[in-house]
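Visitor: Dropping a structure here in structure tokens format, bear with me for questions.
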Amino acid sequence: MPKSINGSVQLSVADARLTLTGRLDIGVVGRLDPHAILAQGQGQGVSVLDIAGLSQIDTAGAWFLLDLERRIATRGGSIAIEGASAVQAQLIERVRANLAPDDIPPPPRKSPVDHLEEFGRKTASAGRKSVELISFLGQTVATIAGIVVHPKRLRLTSLVHHCQEVGLNAVPIVALMAFLIGVVLAFQGSAQLRQFGAEVFVVDLIAISILRELGILLTAIIVAGRSGSAFTAAIGSMKMREEIDAMRTLGLDPVTILVVPRVLALMIMLPALGLIADVSGLVGGALMSWIELGVSPAVFQSRLVSNTDVWHFGVGMIKAPFFALIIGIIGCYEGMMVGGDAESLGRMTSTSVVLSIFMVIVMDALFSIFFAVVGV
Amino acid sequence: MAAADQDRIIRVRGLVTRFGSHVVHDGLDLDVRRGEIIGVVGGSGTGKSVLLRAIVGLLKPAEGRIEVFGQSVRDTSDAEYRALRRRWGVMFQDGALFSSLTVRQNVEAPMREQLQLAPDLRETLAAIKVRMVGLPENAQDKYPSELSGGMRKRAGFARAIALDPEIVFLDEPTAGLDPIGAAAFDILIKQLQNALGLTVFLVTHDLDSLHAICDRVAVLADRRVLAVGTMADMLEVDHPWVREYFHGPRARAALASSVTEGAA
Ligand SMILES: Nc1ncnc2c1ncn2[C@@H]1O[C@H](COP(=O)(O)OP(=O)(O)OP(=O)(O)O)[C@@H](O)[C@H]1O
Ligand SMILES: [Mg+2]
């Protein structure tokens with residue numbers, strides 16, 4: 001009496017024959033329980049698996065039959081698969097030939113020592129990466145120096161293109177960001193300074209914080225997110241498609257062609273963007289001081305000119321090319337580190353942004369110490 | 001005629017595809033019979049890959065009707081299309097393996113998407129497929145970027161047959177392989193076609209493959225299928241490109257080698 005073990009396949013046991021009928025394919029196999037089938041055949045001492053009634057088997061079905069066979073064999077029994085059509089027999093033999101080899105060693109378990117080793121390896125590779133990054137910096141600077149000697153090597157078109165890309169196109173976002181920062185500073189500053197009746201000092205507050213720190217720092221962070229990531233993605237996808245290797249074989253130097261124009265463009269444009277940020281931050285601050293404190297633009301201007309040392313502006317501008325160098329070098333370096341797969345492109349792009357913002361802030365801190373020591 | 005209709009697993013009628021003003025196919029007709037290996041040839045840029053993409057529904061033709069298993073590929077509900085898609089496998093021209101997955105995981109991907117299988121079982125079945133296409137055991141856990149071009153093709157083929165489809169579409173599977181590797185790939189296709197009862201839609205430039213494994217050949221030229229038939233039929237076709245292709249020095253060499261192999 002056939003017993004349905006699943007919607008599309010039936011099982012019956014008689015005269016030491018286990019008979020399967022119906023369809024045995026990948027959709028069915030996952031829902032079958034070999035133990036139940038074996039339990040059925042157990043008492044009867046089955047020695048034949050009759051599959052003449054199976055209308056359809058696929059690779060998964062063939063594997064299932066072989067798996068039954070193997071399970072019975074491990075219990076010391078044996079079973080013969082009978083009734084397969086020529087095509088089915090061929091499929092079963094092909095699957096049998098491709099079963100897992102028995103001698104695969106199980107993957108070794110991780111011990112605490114392994115974790116320790118992994119930690120060591122990671123530390124070492126981080127150290128190696130810093131050395132590589134510095135040597136990449138050296139290589140780029142050397143190439144730039146070479147270009148200063150032989151200006152013909154400069155890819156002018158590419159430089160101009162990148163200047164537009166990282167500079168001109170970033171003007172709206174940078175200007176808006178700085179304007180809002182100026183507004184926020186004036187607003188927050190006025191609330192505090194009003195308590196002391198020192199409203200007019202809001203001008204000093206805004207001027208010093210924007211010119212010296214915030215204007216250039218926030219611009220650098222925006223540019224790192226905008227252009228640093230774009231550098232990594234562009235160079236990384238060229239790396240992925242072996243374009244960089246192709247360049248090398250054609251005798252073209254990727255540093256000259258790809259890295260130098262980008263880094264130079266950033267070094268030219270970041271100070272310009274910083275200047276724009278300074279101006280629009282001051283405008284935002286002046287506007288808010290006028291509305292909130294009644295400090296008229298004329299008063300704002302005269303106090304700005306008379307009371308703010310021009311060195312505050314100088315300090316901000318001196319930092320700009322260094323920030324640009326950090327962003328450009330890290331962006332290009334991470335692009336060069338992209339491997340063959342799409343995932344590494346994404347990973348490197350985010351590393352590039354995080355690392356360059358972090359390094360910009362570290363650099364800013366170092367500059368603060370430096371300027372404090374030299375007394376500007 | 002019902003039996004003959006049943007036999008036609010793919011039926012393309014009056015297909016027109018264009019990109020902007022560039023017409024790739026203009027009134028293309030093609031039938032593929034169940035269980036055959038059909039070779040699709042044509043010069044570079046004649047639209048072989050585009051035809052393949054249109055048949056599997058990745059590209060919307062401007063006009064025409066495409067039926068697979070007697071069902072239109074375009075005018076179907078999502079559920080019907082999903083069911084249809086399960087019955088074919090595609091191997092793209094450049095492999096198109098998922099680069100963030102290992103070879104075995106690539107083969108598991110369609111199983112994971114379409115079926116509820118226990119992870120162990122899925123892994124076992126995927127591993128069998130990877131071995132079936134002749135990849136070494138240590139390739140199972142490698143990433144595509146760590147494989148050679150030929151191995152990537154094999155892995156792509158393994159993913160195409162992951163669900164034991166009824167039709168596999170192969171876009172230039174032997175391009176870029178060494179002659180021995182290409183011949184081995186041909187044999188592999190033939191053997192798996194026998195074992196799994198596949199219908200194979202094979203885009204190729206490889207005259208040796210055409211001789212060795214194709215039951216019929218379809219020639220794409222002048223924006224349509226110019227001729228369909230056996231290799232012997234192709235020698236009779238009177239069209240400059242077809243004559244050049246099947247009578248050229250490479251064709252003669254391939255023919256000669258296939259004849260001597262047949263005799264041996
Ligand atoms: N996405 C697309 N956009 C615009 N044109 C396309 C697109 N895909 C293909 N084409 C054009 O369609 C034509 C046919 O391309 P297809 O890739 O099918 O060629 P093919 O016959 O497969 O050639 P090959 O043998 O070189 O692979 C080409 O002229 C190509 O430029
Ligand atoms: Mg193509």
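The values are calculated or read from the model by the stated rules, or taken from the named source; none is laboratory data. Here the structure is a predicted model, which is why all the values come from computation and not from measurement. Note: ideal-geometry Cβ built from the backbone for every residue, glycine included; neighbour counts use all protein chains shown.
Visitor: Would you pick out the residues in the range B:149-203 that are under 11 Å from the mean Cα position of the chain (by Cα), assigned to a helix (DSSP H, G or I) and closer than 24 Å to residue B:43 by Cβ?
Guide: B:189 - this is the single residue of the range B:149-203 that is under 11 Å from the mean Cα position of the chain (by Cα), assigned to a helix (DSSP H, G or I) and closer than 24 Å to residue B:43 by Cβ.
Visitor: Checking residue B:198 against (1) touching a helix residue (DSSP H, G or I) at 6+ places or on another chain (Cβ under 7 Å); (2) within 16 Å of ligand 2 (Cβ to nearest atom); (3) not hydroxyl-bearing (Ser, Thr, Tyr), only one condition comes out false. Which one?
Guide: Condition (2) is where residue B:198 drops out.
Visitor: Being more than 14 Å from chain A (Cβ to nearest Cβ) and aliphatic (A, V, I, L, M) is the filter; apply it to the range B:168-182 and report the residue that is farthest from ligand 1 (Cβ to nearest atom).
Guide: B:180
Visitor: Continuing with the same structure: Please work out if residue A:257 is among the hydrophobic types (A, V, I, L, M, F, W, C), surrounded by fewer than 17 Cβ atoms within 10 Å (Cβ to Cβ) and over 21 Å from residue A:173 (Cα atoms).
Guide: Working: among the hydrophobic types (A, V, I, L, M, F, W, C): yes; surrounded by fewer than 17 Cβ atoms within 10 Å (Cβ to Cβ): yes; over 21 Å from residue A:173 (Cα atoms): yes.
Yes, satisfied.
Visitor: Could you tell me whether residue B:212 is buried (at least 18 other Cβ atoms within 10 Å of the Cβ), farther than 28 Å from residue B:47 by Cα and modelled with pLDDT under 90? Even if it seems obvious, please write down each step before you answer.
Guide: Numbers: buried (at least 18 other Cβ atoms within 10 Å of the Cβ): yes; farther than 28 Å from residue B:47 by Cα: no; modelled with pLDDT under 90: yes.
Answer is no for this residue.
Visitor: Considering only residues that are within 14 Å of ligand 1 (Cβ to nearest atom) and in contact with a Leu (Cβ under 9 Å, 6 or more places away or on another chain), look in the range B:212-231 and name the one that is nearest to the other protein chains (Cβ to nearest Cβ). Let's see the steps before the verdict.
Guide: Step one: list which residues in the range B:212-231 are within 14 Å of ligand 1 (Cβ to nearest atom), which gives B:218-226.
Next, from what is left, pick out any that are in contact with a Leu (Cβ under 9 Å, 6 or more places away or on another chain): B:218-220, B:223-226.
Values: B:218: 26, B:219: 31, B:220: 28, B:223: 31, B:224: 34, B:225: 30, B:226: 34 Å.
Among residues in the range B:212-231 that are within 14 Å of ligand 1 (Cβ to nearest atom) and in contact with a Leu (Cβ under 9 Å, 6 or more places away or on another chain), the one nearest to the other protein chains (Cβ to nearest Cβ) is B:218.
Visitor: Moving to a separate point now. With respect to residue A:35, is the statement that it is part of a helix (DSSP H, G or I) and under 37 Å from the mean Cα position of the chain (by Cα) true?
Guide: Values: part of a helix (DSSP H, G or I): yes; under 37 Å from the mean Cα position of the chain (by Cα): no.
When the stated conditions are applied, residue A:35 does not pass them.
Visitor: Do we have residue B:39 as buried (at least 21 other Cβ atoms within 10 Å of the Cβ) and within 15 Å of ligand 1 (Cβ to nearest atom) here? Spell out the reasoning first.
Guide: Numbers: buried (at least 21 other Cβ atoms within 10 Å of the Cβ): yes; within 15 Å of ligand 1 (Cβ to nearest atom): yes.
Answer is yes for this residue.
Visitor: Pick from B:120, B:164: which is away from ligand 2 (no atom under 16 Å from the Cβ), in contact with an Asp or Glu (Cβ under 6 Å, 6 or more places away or on another chain), at pLDDT below 90 and within 11 Å of chain A (Cβ to nearest Cβ)?
Guide: Values: B:120 fails: in contact with an Asp or Glu (Cβ under 6 Å, 6 or more places away or on another chain).
Just a single option satisfies the conditions, and that option is B:164.
Visitor: Taking the stated definitions as given, is residue B:133 touching a Phe, Trp or Tyr at 6+ places or on another chain (Cβ under 6 Å) and buried (at least 16 other Cβ atoms within 10 Å of the Cβ)?
Guide: Details: touching a Phe, Trp or Tyr at 6+ places or on another chain (Cβ under 6 Å): yes; buried (at least 16 other Cβ atoms within 10 Å of the Cβ): yes.
Yes; evaluated as a whole, the condition is true for this residue.
Visitor: Please determine, by comparing only the residues of the range A:81-95 that are touching an Asp or Glu at 6+ places or on another chain (Cβ under 9 Å) and closer than 16 Å to residue A:60 by Cβ, which one is nearest to the other protein chains (Cβ to nearest Cβ). Give the steps one after another, and end with the answer.
Guide: From the range A:81-95, those touching an Asp or Glu at 6+ places or on another chain (Cβ under 9 Å) are A:81-83, A:91; that's our starting set.
When the remaining residues are screened for being closer than 16 Å to residue A:60 by Cβ, the result is A:81, A:91.
Details: A:81: 16, A:91: 5 Å.
Checked the range A:81-95; the qualifying residue nearest to the other protein chains (Cβ to nearest Cβ) is A:91.
Visitor: In the range B:183-211, how many are away from ligand 1 (no atom under 16 Å from the Cβ) and within 23 Å of residue B:131 (Cα to Cα)? It would help to see each step written out before you state the result.
Guide: Restricting attention to the range B:183-211, the residues satisfying the condition of being away from ligand 1 (no atom under 16 Å from the Cβ) are B:183-200, B:208, B:211.
Still in the running and within 23 Å of residue B:131 (Cα to Cα): B:183-200.
Here the count works out to 18.
Visitor: Show me the helices (runs of 4 or more DSSP H) entirely contained within the range A:287-376 in which 2 or more residues are within 30 Å of residue A:239 (Cα to Cα) and at pLDDT below 90.
Guide: Values: elements: A:297-307, A:310-336, A:342-374.
Fully inside the range A:287-376 and qualifying: A:342-374.
Visitor: Can you name the residue in the range A:182-198 that is of a type outside the set (Phe, Trp, Tyr) and surrounded by fewer than 17 Cβ atoms within 10 Å (Cβ to Cβ) and, of all such residues, is modelled with the highest pLDDT?
Guide: Selected residue: A:184.
Visitor: Hey, can you tell me all the residues within the range B:136-148 that are at the interface with another protein chain (Cβ under 8 Å from one of its Cβ atoms) and buried (at least 19 other Cβ atoms within 10 Å of the Cβ)? Lay out the reasoning, then the answer.
Guide: Step one: list which residues in the range B:136-148 are at the interface with another protein chain (Cβ under 8 Å from one of its Cβ atoms), which gives B:137, B:143-146.
If the condition is that a residue be at the interface with another protein chain (Cβ under 8 Å from one of its Cβ atoms) and buried (at least 19 other Cβ atoms within 10 Å of the Cβ), then B:143, B:144 are the ones that fit.
Quick grid of which residues meet (1) within 27 Å of residue A:362 (Cβ to Cβ); (2) touching a residue at least 12 places away in the same chain (Cβ under 8 Å):
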| residue | (1), (2) |
| --- | --- |
| A:159 | no, yes |
| A:164 | no, no |
| A:186 | no, yes |
| A:202 | no, yes |
| A:205 | yes, yes |
| A:214 | yes, yes |
| A:248 | no, no |
| A:252 | no, no |
| A:257 | no, yes |
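Visitor: Of the numbered conditions (1) at pLDDT below 85; (2) closer than 30 Å to residue A:261 by Cβ; (3) acidic (Asp, Glu), residue A:82 satisfies every one except a single condition; which is it?
Guide: (2)
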